[in-house]
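Every number here is computed from the coordinates shown, using simple stated rules; none is lab data. All values derive from a computational prediction rather than experimental measurement. Please note: Cβ atoms are built from the backbone with ideal geometry, for glycine as well, and neighbour counts cover all protein chains shown.
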């Protein structure tokens, strides 16, 4: 539960995310989706309740949790006045990665920015910057991916990339994605959680959800 | 809601208030009618007794504020923030009194309304600035952040108090190697008792105001809750 | 993967210095400001041609205190303006390491300013100065900067999200800086302009060291909570 002043932004949300799962968090604006994600990402402290990430209890063991989390939001979270390479090398140092050079090269290559690796991020288009942000989020090979409207700034190439990453999570990783694009959410995720005014109104696996029917139910729930 | 009808705080306040009032009256009587008048400065010197007592309580208030700040950071209970804030307010008000009484004292002792050479006086001016900034900080943030930032600053500001005092003291000690006692006349033993009474009375004033404020705020909150409920029902 | 704090500290510090070198906004502004401030003092109190040697230390540290406000205010700019703060906070960096990197950055900025401001003070305000004295003044700077940087980086965070950030920071920072001004100015005065009272100098230096330690402790106790929304 998380309060902002008198308002409860997130209330009574119970989520269990297992390895190999991808959860889509849907809901209208102001439903508390981002707040929930930020709490899991250790950026916000809950006023009540517990969060455990990969065995680390927040907020006491936040340091351990942070090693396992990769976070990507609307902003790519990169320094505009550093080059792409310098940005990733910084994060490699912050995460304590062995052979940072190779990892950075590999990450840049994966998002298709290897050719621009010596250009400052300021010269990038929005899509490229967001791709760099994706590289940053994936650099340390996080166990838990936390994404907040990640497709908002991604260009077509980046979107394809992220689709690939999410489809290919493997049995050891998990992802939690906040999005307002219902179709994309149920296509990519194995489970769906719908929030409204901070409260959960629906939580079920997507295999049971048929696109159009789900859409109709969703509209009804959030109206 | 039991807190709206909880009579214990009000009763505690009554007790504190009465005791404080009695002690205050006693100490005023003692200082002005029983204590011997100082040969040089006459009646003005009597202010000195209250000046020191008020200064001590101001520092006490700031210490409590810092401690409550730390407690807030530990468990994020807004009550600690509330107490911390009130204590800073009381401390600030008392500090103003310290500066005013100090100025009067300076006029009586040295003939001018202000001196930069008294470490205590200068420290309290710095204290005024430090804790006025506390309220500026509070007004710049809301909600949880306001409480958290205030708590952090209350600790930092309190650390500044002894540092300010000693910086002025050290500076003065190099200019006037003989550290003369600027407390004025040494206190005769007969006066010590009255001084202690006065000191306790001042602490009582602090506690009384603190309790008064807490009760007032609680009542405010209860009133707002009732209003909100009425509006929701309407 | 093993994050080690020396590596993180080095990376963060280099990042800040690198960014500053690229844009040079902060340091240039601080330098210009400090020179202008000294001119203001000169014209405000020295127009009659009086010998200002006695107050040179005061002028220097009044200038540095005000200049420090600029530097401190700018210390979090890369994270704030470029919205990178979340990325840094999500990484497994102990908050104290984050603080230390900002302390290092502010310290560096102050040092750059002092390299120019101290000789300038000697040039403008001290008659019959000696070069050796400048070294002693330099040591004062080295010690005082530490306390200033620790205090500043802590308070800068408190002002980080405020609307009137540029106004709030001086209000928070300067009152707590007063002991530093008193002690540092006193230390410079004790060695500048002919009089060399080393006992006095040491006393002030000791005070500045204690100041840094005490605020270091305050920061250590509270820094984890600054970003703990």
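Calculate the translational D of segment A:103-160 in whole µm² s⁻¹ from Stokes-Einstein, where the hydrodynamic radius comes from the Kirkwood formula applied to all Cα pairs, the temperature is 10 °C and the viscosity 1.306 mPa s. The diffusion coefficient I find is 136 µm²/s. Packing around the peptides B:130-136, C:223-229, taken as the average count of other Cβ atoms within 10 Å per residue, puts them in this order, highest first: B:130-136, C:223-229.
Full extension of the segment from residue B:77 to residue B:224, taken as 0.36 nm per residue of separation minus the current Cα-Cα distance, would add 50.9 nm.
Per residue, the average separation of C-alpha pairs within less than 8 Å and at least 6 apart gives chain C a relative contact order of 28 percent. For segment A:16-84, the square roots of the Cα gyration tensor eigenvalues, ordered a ≥ b ≥ c, give a/c of at least 1.5 with a/b no greater than b/c, which places it in the oblate category.
Would you calculate the volume per residue, in Å³, of the smallest convex hull containing every Cα atom of segment C:55-119?
Per residue, the Cα convex hull of segment C:55-119 comes to 76 Å³.
Computed from the C-beta positions of residue A:105 and residue C:213, the FRET efficiency with R₀ = 41 Å rounds to 0.40. With q set to 0.20 Å⁻¹, the log10 of I(q)/I(0) for segment C:52-180, from the Debye formula over equal scatterers at the Cα positions, is -1.11.
At 37 °C and 0.692 mPa s, what whole-number value in µm²/s does Stokes-Einstein give for the translational diffusion of chain A, with Rh from the Kirkwood sum over Cα pairs? Estimated via Stokes-Einstein, D reaches 182 µm²/s. Reducing segment A:1-64 and segment C:159-202 to their Cα centroids gives an inter-centroid distance of 44 Å. Look at the stretch B:152-164: the mean tally of other chain Cβ atoms within 10 Å of its residues' Cβ atoms is 6. Cβ-to-Cβ counts within 10 Å put C:200, A:220 in ascending order as A:220, C:200, the fewest first. Taking Cα centroids, how far is segment C:79-116 from segment C:33-61 in Å? Result: 32 Å between the Cα centres. Protection proxy ranking for A:160-170, B:195-205, using the average of other Cβ atoms within 10 Å per residue and placing the highest first: B:195-205, A:160-170.
Between the Cα long axis of helix A:100-110 and the first principal axis of chain A there is an angle of about 60°, rounded to the nearest 10.
Relative to the longest principal axis of the Cα atoms of chain C, the long axis of helix C:95-125 lies at roughly 20 degrees. In this rough spin-label picture, where each label sits 7 Å from Cα along the Cβ direction, the residue B:93-residue A:219 distance is 6.1 nm.
Judged by the mean number of other Cβ atoms found within 10 Å, the most tightly packed of the peptides A:63-73, A:142-152 leads the ranking A:63-73, A:142-152.
Against chain C, whose longest principal axis is taken from its Cα atoms, helix C:25-45 shows a tilt of about 30°. In the protein assembly as shown, the DSSP beta bridges split such that about 45 percent are antiparallel, to the nearest 5.
Against the empirical curve 2.2 N^0.38 Å, the C-alpha radius of gyration of segment C:5-226 lands at a ratio of 1.04.
Pick out which of C:28, C:45, C:97 has the largest mean-square fluctuation in a Gaussian network model of chain C, springs linking Cα atoms closer than 10 Å. With Cα springs under 10 Å in chain C, the top fluctuation among C:28, C:45, C:97 is at C:45. Computed over chain A, the per-residue total of -39500 (n - 2.57) for DSSP H runs of n ≥ 4 gives a 222 nm mean residue ellipticity of -11000 deg cm²/dmol, rounded to 500. Going from the fewest other Cβ atoms within 10 Å to the most, the residues B:194, B:110 appear in the order B:110, B:194. Placing one equal scatterer on every Cα of segment C:12-100 and applying the Debye formula, the log10 ratio I(q)/I(0) at q = 0.12, 0.20, 0.24 Å⁻¹ is -0.53, -0.96, -1.18. The slack between residue B:173 and residue B:19, meaning 0.36 nm per residue of separation minus the straight C-alpha distance, is 51.3 nm.
Just tell me how shielded A:97-106 is by partners: mean number of partner chain Cβ atoms within 10 Å of each residue's Cβ, no decimals.
1
A compact globular protein would have a Cα radius of gyration near 2.2 N^0.38 Å; the ratio found for the protein assembly as shown is 1.15. Taking C:75, C:176, C:47 as the candidate residues, the one with maximal mean-square fluctuation in a Gaussian network model of chain C, Cα springs under 10 Å, is C:47. Legend: mean number of C-beta atoms from other chains within 10 angstrom of residue C-beta atoms, peptide A:65-77, equals 4.
Estimated from helices alone, the mean residue ellipticity of chain C at 222 nm is -28000 deg cm²/dmol (sum of -39500 (n - 2.57) over DSSP H runs with n ≥ 4, per residue).
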